[in-house]
Amino acid sequence: MADKIPSWPKVTIRLYDDHNAEVKIAGRSHPVNHHDPRQAAIQLVSERAAQLGRAVKATAVESDGASWPLIIHPDGQVEAIEADSGRGRNGGQKPIWPIIVAMVVGCVLVIGTIVFVAVIKPNLHKKPTVTASPLLPSLPGPSVRSDEFSPGNVPPGFTTHAGWTVNIAAGTSPAIKPDGTEVAILTTDGKIAVFDANGKVLWQDQVPKDAESPVYTTIDGKLVVAIATQDTLFYWAGGGAEAKKVGLPDGAKVQFFGKSPLITLSGTGGAMVMSGGELKAVPNQPRLSTILLAEGDRALISQFKGPFFWSAPDKPLQTIVPQKPGGAIADKPQQVLSASPDYALAIWPTKDPEKVIPTVHSTASGKVVAVCQPSSSSDVQSWDWVPDPNRKMAAWGECLINLAKPRIVMLQDFHPLSITGTLIYGTMGSKMYAVTPGRPQHPLDPAPTRPWGIAGNHAIVVFDSVLYALNPAPR
């Protein structure tokens, strides 16, 4: 039978340990993290076989290097292919893969029959009942009270009076929902707590000791609040619903540079995205490219001089060619530097070899969003990109951008730090300034504590592991 099965696609299943494996199908890598990696890997291959409408050949490689040629059918059945010598590469031992899968398939059939007879059949004519998602248990709330903030550190437009304050875990930072209606923190007693803009606790949950600061992000099309630990991604949809948990591969890191979490894999250069409540490998990564961020179930990728690519599981690779700005002398950027939600930054060569054109591009179309004045290439390389989460303005080093117009203002020697409301905070020399593009800059002396954002009408600042929700100044 093996002779009648085509050799394409080439399939390799490589087992690393008790929880991790890798499946390669026609050169595309699919990392597997599962309590039974053999079963999960075979399920993945059988799904591909079902798409082809036939069985496929595969090579299974154990963690000790022993390998087995297999046939995997669309229904999940597995057969071992006998080698010419009658002995496999493991010294003649009987392969464990078909035994395990046969047992799993057999158990599923038996259990399925029992479940149907004992459970499903008696209930076929019963009316369905609606069940709610499990809710979080009630937990003791953190201490929340009003307080006064240091007069010398109040950001412009706000008072020393904090409508509410709460202690947060040392070394962590708050997250503010994009619409300003919620604030999420890690408490000093090992919980995540979410407040409304006026300091009322909306819900809480216990979190592991190694939990990182909370982040508002998008998973499967829904805005959630998430935290990452060394081995798990937790996320909550809100409303008191329990967390969903996704195990991370060994050594993986979660970054939130984009609208959604991107899971980068240690040592492989690959990455994974969330799709349908589980991790899926970012496919079709072009050679000599870098995965920049995630948006939903797709990842933004770029080569050094472009173009950009959008890659998503089970979808063809989408290529985005950046538009050439006026004054550029080449059809490709000199370098793509970085990206954030909706925008990618590139520098383009000019007739002057010492200068480049810093350009902001749309990651959806590649079109030019904003063009900064030609500047020294070495200077631009050191510029920080600070975008407004609401996409109204941004600062790219000395280039201040009104994204609504769009319009740019150059401010020599300006180093942006953060954006809150309509103010861009940054430094010129040793002094801090608050700037709105197109308006005079305001020196801040003494330098205030910069807000993390605005919740309701409160500026959210943190000092000495205490969150202060400062009231607005009278107008």
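The values are calculated or read from the model by the stated rules, or taken from the named source; none is laboratory data. None of these values were measured; they are calculated from a predicted model. Backbone-built Cβ (ideal geometry, glycine too); neighbour counts: all protein chains shown.
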Test result for Ala395, over 26 Å from Val368 (Cβ atoms) and out of contact with any helix residue (DSSP H, G or I) (no Cβ under 8 Å at 6 or more places or on another chain): no
Single residue of Val246, Val282 found to be within 30 Å of Leu139 (Cα to Cα) and surrounded by 19 or more Cβ atoms within 10 Å (Cβ to Cβ): Val246
Where a residue in the stretch 409-433 is within 17 Å of Pro374 (Cα to Cα) and its partner, wherever it lies, is polar (S, T, N, Q) and surrounded by fewer than 16 Cβ atoms within 10 Å (Cβ to Cβ), with Cβ under 6 Å and at least six apart: Met410/Gln373
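This table checks each residue for (1) at pLDDT below 95; (2) within 21 Å of the chain's Cα centre (by Cα); (3) under 30 Å from Leu417 (Cβ atoms).
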{"residue": "Gly296", "(1), (2), (3)": "no, yes, yes"}
{"residue": "Val321", "(1), (2), (3)": "no, no, no"}
{"residue": "Pro325", "(1), (2), (3)": "no, no, yes"}
{"residue": "Leu337", "(1), (2), (3)": "no, yes, yes"}
{"residue": "Ala344", "(1), (2), (3)": "no, yes, yes"}
{"residue": "Ile357", "(1), (2), (3)": "no, no, yes"}
{"residue": "Ser362", "(1), (2), (3)": "no, yes, yes"}
{"residue": "Ser376", "(1), (2), (3)": "no, no, yes"}
{"residue": "Trp385", "(1), (2), (3)": "no, yes, yes"}
Filter pass, Asp210 being surrounded by 15 or more Cβ atoms within 10 Å (Cβ to Cβ) and either within 30 Å of Val356 (Cβ to Cβ) or of a type in the set (D, E, K, R) (or both): no
Verdict on Gly326 being within 27 Å of Cys372 (Cβ to Cβ), surrounded by 20 or more Cβ atoms within 10 Å (Cβ to Cβ) and of a type in the set (Gly, Ala, Ser): no
Matching residues in the stretch 157-169 - criterion: being surrounded by fewer than 18 Cβ atoms within 10 Å (Cβ to Cβ) and within 33 Å of the chain's Cα centre (by Cα): Asn167
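Each row is one residue, and each column tells you yes or no for (1) among the polar types (S, T, N, Q); (2) over 28 Å from Lys245 (Cα atoms); (3) in contact with a Phe, Trp or Tyr (Cβ under 8 Å, 6 or more places away or on another chain); (4) modelled with pLDDT under 80.
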residue: His19; (1), (2), (3), (4): no, no, no, yes
residue: Lys24; (1), (2), (3), (4): no, no, no, no
residue: Gln51; (1), (2), (3), (4): yes, yes, no, yes
residue: Ile72; (1), (2), (3), (4): no, yes, no, no
Among the candidates Leu279, Leu233, Leu223, residue that is in a strand (DSSP E or B) and over 16 Å from His34 (Cα atoms): Leu223
Which listed residue, of Thr359, Thr363, is among the polar types (S, T, N, Q), buried (at least 22 other Cβ atoms within 10 Å of the Cβ) and in contact (Cβ under 8 Å) with a residue 60 or more places away in the chain: Thr363
Some residue of the stretch 440-454 being of a type in the set (D, E, K, R) and surrounded by 15 or more Cβ atoms within 10 Å (Cβ to Cβ): yes
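Matching residues to (1) in contact with a strand residue (DSSP E or B) (Cβ under 9 Å, 6 or more places away or on another chain); (2) not in a loop (DSSP other than H, G, I, E, B); (3) not aliphatic (A, V, I, L, M):
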| site | (1), (2), (3) |
| --- | --- |
| His361 | yes, yes, yes |
| Ser365 | yes, no, yes |
| Ala370 | yes, yes, no |
| Ser378 | no, yes, yes |
| Val409 | yes, yes, no |
| Ser418 | yes, yes, yes |
Test: residue in the stretch 192-199 that is assigned to a strand (DSSP E or B) and closer than 29 Å to Arg298 by Cα: yes
From Leu300, Leu248, residue being hydrophobic (A, V, I, L, M, F, W, C) and under 27 Å from Arg391 (Cα atoms): Leu300
Hits in the stretch 268-294 (condition: under 20 Å from Ser338 (Cα atoms), free of Cβ contacts under 8 Å to residues at least 60 places away in the same chain and under 14 Å from the mean Cα position of the chain (by Cα)): Ala271, Val273, Val282, Ile291, Leu292, Leu293, Ala294
